[in-house]
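What follows is one structure encoded as structure tokens, with my remarks underneath.
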Amino acid sequence: MASVNLLIAVCLIYVAFLFAVAFAAERAASRGRGNWLRSPLVYTLSLSIYCTAWTFYGAVGYAARSGMEFVTIYLGPSLVMIGWWWMLRKLVRIGRTQRVTSVADLISSRYGKSNVLAIIVTVMAVVGVTPYIALQLQSVTLSLSIFADPTGVTDGGMNLLSAGFWVALGLALFTVLFGTRNLNANERHDGVVIAIAVEAVVKLVALLAVGIFVVWGVAGGLGEMMVRIDSSEIGQWEVDSSRWTALTVLSGAAFLCLPRMFQVLVVENDDERHLHIASWAFPIYLMLMSLFVVPIAVIGLDLLPANANPDLFVLTVPLSQGQDGLAILSFLGGFSSATSMVIVATLALSTMVSNHVVMPIWLSFQGQGAAVSGDVRNVVLFSRRMSILVIIALGYLYYRVSGGSGALAAIGLISFTGVAQFLPAMMGGIFWRGATRVGALSGLLVGFAIWIYASLLPSFGADVVMSQALLDQGPFDIDFLRPQSLFGIEGVDPTVHAVFWSLFLNTSAFVLGSLISFPNPLERLQGAQFVNIFAHSGHARGWSGSVAESEDLMVMAQRILGGSEAQKLFRREAQKQGQDGHLPEPTPDFLQRLEREMSASVGAATAHAMISQLVGGTSVSVQDLMAVAHESAQMLEYSSQLEAKSSELSTTALQLRDVNAKLTQLSVQKDAFLSQISHELRTPMTSIRSFSEILRDSDGLEAVDKTKYASIIHVEAIRLTRLLDDLLDLSVLENGQVSLNPATGALLSVIDHAVTTTQAGAIRAITIDKSGIDGALVLTTDLDRLSQVFINLISNAQKYCKSENPTLVIETVVKHDEVVVLFTDNGISIPADKRALIFEKFSRINDQDGSGAGLGLAICREIVARLGGKIEHLPILKGNQFAVHLPL
Amino acid sequence: MSIDLNQPVFLERRSYRQRRMMDAVRLLPVIGLLLWLLPTLWSVSDDGGVEPVKMSQAIIYVFGVWVCLILSGGLLWRYLVAGGEMPAPLDADATSEPE
């Protein structure tokens, strides 16, 4: 009979052996001979930490209590592994490209590197895994106690609680020594992984050995075994369908979500091809682990007293047959299961706690930013060690509070349900781009709350945390809210009940929250990266490091990665950039790689925060980019507005220049007008004055002379009068003071009158062709004024048409609502540069005899304008054409 | 998903066969799930008149499915590795595979 002391000695030797293996593995890895350490076999075996002491001892107890149901715990993970293509492939790729360190890191990273989310997931994971750690303590202490009393009925006089304390302490020390020797979680714990692989072999061999002993040693062969199974008390199929389904799903979910599983599946994964092999190799392991569970349970039920603890059949059956050696092997198997699980679970959790809780708090307490001197690595290591101690202490506390009672399987399922709450946020995060931080947050909180209320708190038993009354009648006697029959659903198994409601409401809250909220830019970016990880295993976002000092980065990197590691990284980077020194340029690429390296040590959110502290204002966040884009869009718009305005301005300037030119011309004309008018007035005045003086002063004038002089004075006076009349006329017309006398008459008669008037006393004859005039045209207008216009035009033609055979053609054209009277002569065309001025006052073109005052056309224009029409000069090939437009 | 004109629409026989094997890989867990959920339909001991399923039969069924799944998974893996269809490690598989 093996004593407890012997067992403790065996355990210590075993632990020392594990240490040696781990140490050798790490040395081999550091010398670069560690390729075999990273084989698919080791990867597959390391996954076996799924099989804990719960599996090792509890599965048999489970089978003894409820038959085949125990196997669901293995079916779920087997399906997940076989279906690697759907989920694990993506998870592993994301974990490798984004350098994810834990479940919390994955979720926080996916939802915009949210630290709040990371903290919540961390807390949930710690709370969820605590019962699991308690479970390991319980199984190790129970298994120890069995050697004190092989019947397994009493505790053999051992103080189980104090034994639990020593086991907890031992495990804590073991984990601290094993797991926190080096820092970078993503450097992967070669030693730990190898130790776990060895332990995986030990527990498999132990369970298979017991199984083979039971089947062939006790029952006497496979056939007899089957007969004994069928005739035993669990010989019939008695599985509750809802539990079968729920537990299969639950175990699959937990396989993905358990922090320790995530650690070995994703973080410790070295090569994606290993996953492909493990996809069928790990189910083999699981199958072998469960192969002999039912036979051991059946034989245990047969051989041992009815009150023996079925959770310990793996030990008690060999012991009862006097197989002490086998029992010790079996004990080692259970011990291996417990230790490997506790090591990896607490390692994973402590990484989460220190990265997402301790480091952010410490950094914010530091205040001065990330560049202060001092080694952060010590802080990280210290916080990890403290986290390990706290987590195991919590497990021990749970063990004390729950009184070390309860079947192992039940406790394990509570834990599973707790961590399964990560599933919606995780799966939604990697498959659905619409998943948002708000959705993840609400889903996690809702699921977690329901889990605590419906599963965790009732698990302590009635009247420990929840009173019996609360369990029976619900809070405040609200039937609806009874912890184990929420919303009035009764008669359901408590586990199925808790799994269903927590996951259902969790998913609903997650989806609803995602649908109604709007993600921030970083979330959307990360979402796209995670969901489309195979399309672009690209980069998250750019740092602009133009101002970031390489030296500061170096100081910070040394504190986190360690001096030589950081120097190596920087030197490698400098070489890659083609530089001689040790400090590379802080290019966006380099900053990004540095952030990833650091995130492997301190988590994505913290690394991001530290780099942004150093790179400071020049870190280009997506928000900044959006702001810049927005600004440039505004500037673009503004500049296009400016452009429009400037073209408008240049048009206006052009118009102004035209106007100015015209004004200048007009000013010249005004001067010309003034000199002209004084000249026009003075010439007749001078003749009048001189001839009137002659008449006054000369006595002996002939009558003929007198008459002659007097008539000169008369003619000049008439000329003056006419000039003044014209000026008066024009000024009246221009000021708009003219009063029109409208009358109706034929256009032809007006023209006839004008022709008659002009031809009477004409010096030069001009042939006037009136054949083109429509005699039927009747106008209602001021006919006298109109005739004045016509007279002017005809006399102009008479005066200025220098053709040998001067001809004036007058014709009418009717267009729409107006009539155009055309006066076409065959003289010399008015030069182009003068055309603009012919209608201005005193403009005279090649006026050799100086008889005109240059007011005629100006008057014409004013009159026609008053009559509602217009007059224009049309250039023709030979001669001139004036068109008078008149309204009909 | 937009159509990439650079990718062939039809594949030669060998590639076609491998694509279908990838389909099988994807389908395998679904088949496993269905087979393993089948026991929920079995009669339990308190069903009147119907003989309940014996434990030995249940064990043979569940483990039989398990062995089949493992074998299929392993064989598919071997076939696909030999054909080079398995996604290569990180760097080589930057683009999504054609369907």
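Quick notes on this structure:
- Residue within the stretch A:262-271 that is under 30 Å from A:Ile133 (Cβ atoms), of a type in the set (Asp, Glu) and more than 10 Å from chain B (Cβ to nearest Cβ) present: yes
- Residues (more than 9 Å from chain A (Cβ to nearest Cβ) and either hydrophobic (A, V, I, L, M, F, W, C) or in contact (Cβ under 8 Å) with a residue 24 or more places away in the chain (or both)) located in the stretch B:20-30: B:Met21, B:Ala24, B:Leu27
- From the options B:Ser96, B:Ser43, residue that is modelled with pLDDT under 80 and within 7 Å of chain A (Cβ to nearest Cβ): B:Ser96
- Any hit, the stretch A:10-27, residues being charged (D, E, K, R) and either touching a Lys or Arg at 6+ places or on another chain (Cβ under 6 Å) or away from every other protein chain (no Cβ under 14 Å) (or both): yes
- Applying the set (1) surrounded by fewer than 24 Cβ atoms within 10 Å (Cβ to Cβ); (2) over 55 Å from the mean Cα position of the chain (by Cα) to A:Ser241 leaves exactly one unmet item: (2).
- For the residues A:Ser279, A:Ser290, the requirement of being modelled with pLDDT of 85 or more, within 14 Å of chain B (Cβ to nearest Cβ) and under 15 Å from A:Ala53 (Cα atoms) singles out A:Ser290.
- Selection from the stretch A:193-244 of residues that are in contact with a Ser or Thr (Cβ under 9 Å, 6 or more places away or on another chain), outside any loop (DSSP other than H, G, I, E, B) and β-branched (Val, Ile, Thr): A:Val193, A:Ile194, A:Ile196, A:Val198, A:Val201, A:Val202, A:Val210, A:Val227, A:Ile229
- Checking the stated criteria, A:Gly745 turns out to be of a type in the set (Gly, Ala, Ser) and in a strand (DSSP E or B).
- Complete set of residues in the stretch A:74-85 that are closer than 17 Å to A:Met426 by Cα and facing chain B (nearest Cβ under 7 Å): A:Gly83, A:Trp85
- Looking at A:Thr97, A:Thr55, just one residue is of a type in the set (S, T, N, Q), within 14 Å of chain B (Cβ to nearest Cβ) and out of contact with any Cys (no Cβ under 7 Å at 6 or more places or on another chain), and that residue is A:Thr97.
- The stretch B:52-86 - residue that is in a loop (DSSP other than H, G, I, E, B) and within 7 Å of another protein chain (Cβ to nearest Cβ) and, of those, modelled with the highest pLDDT: B:Val53
- Answer residue from the stretch A:108-117, given it is assigned to a helix (DSSP H, G or I) and surrounded by fewer than 23 Cβ atoms within 10 Å (Cβ to Cβ) and is nearest to the other protein chains (Cβ to nearest Cβ) among those: A:Asn115
- Residues (in a helix (DSSP H, G or I) and either hydroxyl-bearing (Ser, Thr, Tyr) or surrounded by fewer than 24 Cβ atoms within 10 Å (Cβ to Cβ) (or both)) located in the stretch A:97-106: A:Thr97
- Any hit, the stretch A:208-226, residues being at the interface with chain B (Cβ under 10 Å from one of its Cβ atoms), in contact (Cβ under 8 Å) with a residue 40 or more places away in the chain, over 34 Å from the mean Cα position of the chain (by Cα) and buried (at least 20 other Cβ atoms within 10 Å of the Cβ): yes
- Unique match (being surrounded by fewer than 24 Cβ atoms within 10 Å (Cβ to Cβ) and either among the small types (Gly, Ala, Ser) or assigned to a helix (DSSP H, G or I) (or both)) among A:Leu312, A:Leu329, A:Leu265: A:Leu329
The values are calculated or read from the model by the stated rules, or taken from the named source; none is laboratory data. These figures come from a predicted structure and were not determined experimentally. Neighbour counts are summed over all protein chains in view; Cβ atoms, including those assigned to glycine, are modelled from backbone coordinates with ideal geometry.
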